[in-house]
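Undergrad: Here you go, one structure.
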Amino acid sequence: MSSPAPGRVLILFAHPALHRSRINLAMMDAVQDLEGVTVRDLYEVYPDFHVEVSTEQELLVEHDVIIWQHPFYWYSAPALLKEWMDVVLEYGFAYGDEGRALHGKRVMSALTTGGPEDAYDRAGYNRFSMRELLAPFDQTAHLCGMKYLDPFILHGVNQFSPEQVTAAAASYRKRIQELLA
Ligand SMILES: Cc1cc2nc3c(=O)[nH]c(=O)nc-3n(C[C@H](O)[C@H](O)[C@H](O)COP(=O)(O)O)c2cc1C
């Protein structure tokens, strides 16, 4: 298998109600014209949740950086992204003695929360930090030999003004451009 060109970014985007999205839609729009970026809208591709394992594995192999982009739902990802993980990150492909296909790749969570930043703290109403809550993603990456990058997180997004949405989408574009460099 040949190595992908360094910096190729695969955005696995999971939002079950995109017609109601403000921020994730703006983020997706801000990055999809970037050369070297593949945006994959999982709910559009798999409305029936039947994730095609071989197609998804090929895409992973072809890219160097993987982004899990989604709104934070019940301290985790929307269900289809979890389904994607359950079926695509197979033993013998992603982990296990022969499972080295993802070794050396980088992966980053890009997510938005309704809760404000100070809620994600021991003293806040969500009691745990984002890094603590994201441990399953971090450890999934680790078990698959991937480096889990600092997540890109936007807090309190439902209160964002239109200008803040535009600025946040631009900062996401900048972060993705840095990963392409
Ligand atoms: C089913 C559901 C679960 C949610 N769970 C959380 C949560 O655990 N923490 C949080 O801060 N926000 C939570 N939210 C708020 C969403 O994260 C927020 O509305 C979303 O990030 C906004 O992005 P959008 O404009 O792209 O839809 C939840 C929203 C829904 C609909």
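Undergrad: So for the chain, taking the charge dipole from beta-carbon charges (+1 Lys/Arg, -1 Asp/Glu), which of Ser129, Phe72, Val88 sits furthest toward the positive end?
TA: Ser129
Undergrad: Where in the range 123-137 does the label zone of Gln159 land, with the point 7 angstrom along Cα→C-beta and an amide N cut-off under 15 Å?
TA: Once the point is set 7 Å along Cα→Cβ of Gln159, 124-126 turn out to lie under 15 Å by backbone N, inside the range 123-137.
Undergrad: Would you kindly state how much longer the chain becomes between Thr166 and Ala135 on full extension, computed as 0.36 nm times their sequence separation minus their alpha carbon distance, in nm to one decimal? Don't skip to the answer; put the middle values down first.
TA: Numbers: separation 31, 0.36 × 31 = 11.16 nm, distance 2.94 nm.
The span from Thr166 to Ala135 would gain 8.2 nm if fully extended.
Undergrad: With charges set only on the Cβ (+1 for Lys and Arg, -1 for Asp and Glu), what does the dipole of the range 123-181 come to about its Cα centre, in debye to the nearest 20? Let's see the in-between values first.
TA: On the way: 6 positive and 5 negative charges, 10 e Å.
Dipole of the range 123-181, to the nearest 20 debye: 40 debye.
Undergrad: When a/c reaches 1.5 or more, the comparison of a/b and b/c decides; with that in mind, is the range 19-65 rounded, prolate or oblate per its Cα gyration tensor?
TA: Details: a/c = 3.44, a/b = 1.19, b/c = 2.88.
In terms of gyration-tensor shape, oblate.
Undergrad: Here's another thing I want to ask about it. Return the calculated 222 nm mean residue ellipticity for the chain, to the nearest 500 deg cm²/dmol, obtained by summing -39500 (n - 2.57) across DSSP H runs with n ≥ 4 and dividing by the residue count.
TA: Numbers: 7 runs with 65 residues, N = 181.
Mean residue ellipticity, 222 nm, calculated: -10500 deg cm²/dmol.
Undergrad: Roll a 1.4 Å probe over the protein chains and send me the accessible area per residue for the range 9-180 in Å².
TA: Values: 8560 Å² over 172 residues.
Accessible area per residue: 50 Å².
Undergrad: While we're looking at this one, here's another question. Identify which of His50, His142, His15 has the largest mean-square fluctuation in a Gaussian network model of the chain, with springs joining Cα atoms closer than 10 Å.
TA: Taking springs between Cα atoms under 10 Å, the residue moving most is His50.
Undergrad: Next question. Would the range 35-181 count as rounded, prolate or oblate if I go by the C-alpha gyration tensor, calling it rounded below 1.5 in a/c and otherwise prolate when a/b exceeds b/c, oblate otherwise? Show your work: numbers first, answer last.
TA: Numbers: a/c = 1.71, a/b = 1.48, b/c = 1.16.
Prolate.
Undergrad: Using only Cα atoms, locate the centre of the range 8-75 and the centre of the range 126-162, then give the distance between them in Å, rounded to an integer.
TA: 16 Å
Undergrad: Related question: Treating only the Cβ atoms of Lys and Arg (+1) and Asp and Glu (-1) as charged, compute the dipole magnitude of the chain about its Cα centre; round to the nearest 20 debye.
TA: Numbers: 15 positive and 24 negative charges, 107 e Å.
Value, rounded to 20: 520 debye.
Undergrad: Another one. Please give, to one decimal in nm, the separation of the simple spin-label points placed at Phe49 and Tyr75, each 7 Å out from Cα toward the Cβ.
TA: 2.2 nm
Undergrad: Follow-up. Quantify, in whole percent, the carbon and sulfur part of the accessible surface of the range 9-180 (1.4 Å probe; protein heavy atoms only). Please list the in-between numbers first.
TA: Numbers: 4330 of 8560 Å².
The value for the range 9-180 is 51 percent carbon and sulfur by accessible area.
Undergrad: Name the most mobile residue of Leu111, Leu149, Leu60, meaning the one with the largest mean-square fluctuation, in a Gaussian network model of the chain with Cα contacts below 10 Å.
TA: Leu149
Undergrad: Apply 1/(1 + (r/R0)^6) to the Cβ-Cβ distance of Asp121 and Glu98, taking R0 = 35 Å, and write down the FRET efficiency to the nearest 0.05.
TA: Working: r = 42 Å, r/R0 = 1.19.
Once the sixth-power term is evaluated, E becomes 0.25.
Undergrad: Now for a different question. Among Leu60, Leu154, Pro16, whose Cα sits farthest toward the positive end of the charge dipole of the chain (+1 at Cβ of Lys/Arg, -1 at Cβ of Asp/Glu, about the Cα centre)?
TA: Of the options given, the answer is Leu154.
The values are calculated or read from the model by the stated rules, or taken from the named source; none is laboratory data. Computed from a prediction, not measured in an experiment: that's the story for all the values here. Note: ideal-geometry Cβ built from the backbone for every residue, glycine included; neighbour counts use all protein chains shown. In case anyone asks, the SASA skips ligands and DNA or RNA and just uses the protein heavy atoms, side chains included. Shrake-Rupley method; radii C 1.70, N 1.55, O 1.52, S 1.80 Å.
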